[in-house]
Each structure stands twice: as C-alpha cells, then as structure tokens.
Amino acid sequence: MIFDFKFWHYFARQGDLIHNLHETTMQKFNRRLAWIFAFGLLLFAVREIWGMNTASLTPYLANGLWSDYTLARWTSLLGTLLWGGIYMAFHTYGVAYLFMLLTKMRFRPALVIQSYVLALLLIEKALLFLVFAVAGYTMPVSLFSFGPLAATFLDMPFLTFFFNQLTVFTALIIAFQYRFVRSFTEVAPKKLLFVLILVYVLVALAIAGLSYVPIGEMLGDFTRGGASVE
C-alpha cells in the first residue's frame with residue numbers, strides 16, 4: 001500500500017504516521033521537504049534583508065561608503081543563504097544519518113522525524129523574527145528560552161547563553177524524536193530519553209562556550225587583511 005505524506009495532517013497524528021511508515025510505502029515526501037527548505041531559505045533571506053546580524057556592516061554606512069556597503073550587504077545575503085542551506089541540510093539529512101548509525105533505525109523514518117524538527121526550528125525563528133520586526137530591534141536572547149529569566153537572576157553571561165539554547169521548541173523536538181525513535185528501534189526508552197536530553201545539554205554548553213569567541217572581530221580582521229582600524 002502507498003500513502004501520501006501530508007505534513008500538517010500528520011503533525012498532530014504521529015501515531016498514524018508511525019503506523020503508515022511501518023506498514024506502507026510513503027510518497028510525496030521529497031516534495032513536502034522541498035517546500036520546507038524553500039520556506040527556510042526565504043526566512044533566512046528576509047531576516048538578513050531586514051538587518052538581523054548585520055550590525056558589523058554599519059561602519060560602512062556611517063562613513064558614506066555606499067558602494068562598499070551595498071557589496072557587503074549582497075555578500076552577507078549570499079553567505080546567509082549558504083549558511084541557511086547548510087543549517088537545514090544538517091538538521092535533516094545529517095542528523096537523520098546519525099540516528100541511523102547510532103540507533104540502527106531506517107534512514108527514511110529518521111528523515112521524516114528531522115523534517116518535523118527542521119519545521120519546528122524554522123517556526124521558532126519565524127516567530128522570534130516577527131517579534132523583533134514589530135518591536136523594531138533585536139535581542140541576544142530568545143523570548144522562547146530560559147535566557148531572559150537567567151539574565152534577570154544570574155550575573156553570568158555563560159549561563160545566560162546556555163539557558164538561551166533551552167527553549168520551549170527544544171522540549172517539543174525532544175518529544176518528537178523520542179516518540180519516533182522509540183518506535184523504530186529497540187533502544188531502552190529511559191536510555192533513549194536520557195541520551196537525547198544529554199545531547200541537547202552538551203550542544204547548549206558548546207554554543208555558550210563559542211559565544212565568548214570573537215568570531216565577528218576575527219572575520220572582520222580577515223576581510224581587512226588583518227589590519228586594525230583606528
């Protein structure tokens with residue numbers, strides 16, 4: 001038997017989707033995944049055009065270097081789209097491949113899981129961008145995370161960046177992955193849940209540590225040939 005993969009239909013019917021993946025053959029999945037990628041690239045482009053993460057280009061504009069500023073913005077947009085493609089490919093194909101290696105589950109169901117994970121990540125970014133666009137400015141923390149709460153009570157930037165990676169959407173993603181992976185492998189449920197939570201905690205710690213690396217300054221020095229700007 002064959003069933004059509006309908007993203008939103010199965011979003012709230014995970015049990016039906018798991019059953020169909022076990023018993024029947026799926027079609028039209030690649031088309032749905034392509035639409036998710038297209039939405040993701042559009043989202044990354046709109047955020048960049050609006051001005052998110054382009055503060056380092058402001059000196060060009062302030063100094064009246066219009067040609068340099070225009071070139072820098074186009075270069076930044078292309079770089080953002082490239083990064084967006086890599087980001088989405090990793091969270092779908094890359095993580096699905098890791099699930100296949102580590103849990104011995106089939107690649108196709110793992111890819112289906114990650115299509116929902118990618119969608120949740122993009123929805124989070126879209127909602128956050130909408131809030132920033134309405135407010136007219138951005139913040140270094142996510143409104144959907146524990147980052148703002150940590151910044152209020154803790155005077156430790158590292159912990160603020162750490163808790164900023166733990167969001168409501170992270171919990172939803174863990175729930176999706178736990179239910180799907182458990183249905184396609186023989187890994188003990190408690191062990192699986194522990195490993196999933198541990199992975200996200202370790203990733204949050206790594207990102208918090210990288211927040212102290214002056215990547216923006218390093219890239220700026222690289223594009224200027226290492227020369228300092230007075």
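The values are calculated or read from the model by the stated rules, or taken from the named source; none is laboratory data. Since this is a predicted model, take the numbers as computed values, not measurements. Remember, those area values only see protein heavy atoms, side chains included, never the ligands or the DNA or RNA. Shrake-Rupley method; radii C 1.70, N 1.55, O 1.52, S 1.80 Å.
Just a few scattered comments:
- Nearby lysines by direct alpha-carbon distance to Lys190 (threshold 28 angstrom, same-chain neighbours under 8 apart not counted): Lys104
- Taking a ≥ b ≥ c as the square roots of the Cα gyration tensor eigenvalues, the stretch 132-179 comes out oblate, since a/c reaches at least 1.5 and a/b does not exceed b/c.
- For Lys28, the lysines whose Cα comes closer than 19 Å to its Cα, not counting residues fewer than 8 places off in the same chain, are Lys6.
- Sequence of Ile113, Ile36, Ile197 when ordered by accessible area, the most exposed leading, probe 1.4 angstrom: Ile197, Ile36, Ile113
- Whole-percent carbon and sulfur share, accessible surface of the stretch 68-201, 1.4 Å: 74
- Accessible area of Thr75 in the full protein assembly, 1.4 Å probe (Å², nearest 10): 80
- Along its three principal directions, the equivalent ellipsoid of the stretch 105-212 from the Cα gyration tensor extends over semi-axes of 29, 18, 10 Å, largest first.
- Potential lengthening of the chain between Phe90 and Arg108 amounts to 5.0 nm, from the contour at 0.36 nm per residue minus the alpha-carbon distance.
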